[in-house]
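Asker: Got a structure for you, written out below as structure tokens; questions coming shortly.
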Amino acid sequence: MEMIFKPKNVSRYPRLDTVLMVEKAVYAHRSDKTVSQVWRSLPKKVMWQTFLLILDYLEHTGKIHVEKDRTITWIWDPEGVKKLKGLVVA
């Protein structure tokens, strides 16, 4: 059964450039920053609720994991996926 990402009570959705900006910032910090530290390090201001929605999306897609202590861990491995699909011969 496929899980569908359905956020609740969302008044506005983020633009693609905002999602990519947050994704890039999370990737840059890997697993040494908390949610609030990454939010404060963003190059442009993003509303807190929008930021949390983006993190929920990234977690749902399997790119990140938010620990109980609110530390963000990057878990997506695009090179590993390419190797599994046979697109890159090592």
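Asker: For the stretch 54-66, give me each residue that is surrounded by 15 or more Cβ atoms within 10 Å (Cβ to Cβ) and part of a strand (DSSP E or B).
Answerer: Ile64, Val66
Asker: Quick one: which residue in Lys68, Lys63 is at pLDDT below 95, closer than 21 Å to Phe5 by Cβ and of a type in the set (Lys, Arg)? Give the steps one after another, and end with the answer.
Answerer: Working: Lys68 fails: closer than 21 Å to Phe5 by Cβ.
Testing whether each residue is at pLDDT below 95, closer than 21 Å to Phe5 by Cβ and of a type in the set (Lys, Arg) leaves just Lys63.
Asker: Taking the condition of being under 14 Å from the mean Cα position of the chain (by Cα), hydroxyl-bearing (Ser, Thr, Tyr) and in a helix (DSSP H, G or I), how many residues in the stretch 1-53 meet it?
Answerer: Qualifying residue count for the region: 4.
Asker: Have a look at Val22, Val26, Val46, Val38 and point out the one that is in contact (Cβ under 8 Å) with a residue 12 or more places away in the chain and touching a His at 6+ places or on another chain (Cβ under 9 Å).
Answerer: Details: Val22 fails: touching a His at 6+ places or on another chain (Cβ under 9 Å); Val26 fails: touching a His at 6+ places or on another chain (Cβ under 9 Å); Val46 fails: touching a His at 6+ places or on another chain (Cβ under 9 Å).
After ruling out the rest, the residue left standing is Val38.
Asker: Filter the stretch 67-81 down to residues that are without any contact (Cβ under 8 Å) to a residue 40 or more places away in the chain, more than 17 Å from Lys24 (Cβ to Cβ) and either in contact with a Pro (Cβ under 9 Å, 6 or more places away or on another chain) or not in a helix (DSSP H, G or I) (or both), then give me how many there are.
Answerer: Of the residues in the stretch 67-81, 4 are without any contact (Cβ under 8 Å) to a residue 40 or more places away in the chain, more than 17 Å from Lys24 (Cβ to Cβ) and either in contact with a Pro (Cβ under 9 Å, 6 or more places away or on another chain) or not in a helix (DSSP H, G or I) (or both).
The values are calculated or read from the model by the stated rules, or taken from the named source; none is laboratory data. Please read these numbers as outputs of a predicted model, since none were measured by experiment. Heads up, the Cβs are rebuilt from the backbone with ideal geometry, glycines too, and the neighbour counts pull from every protein chain shown.
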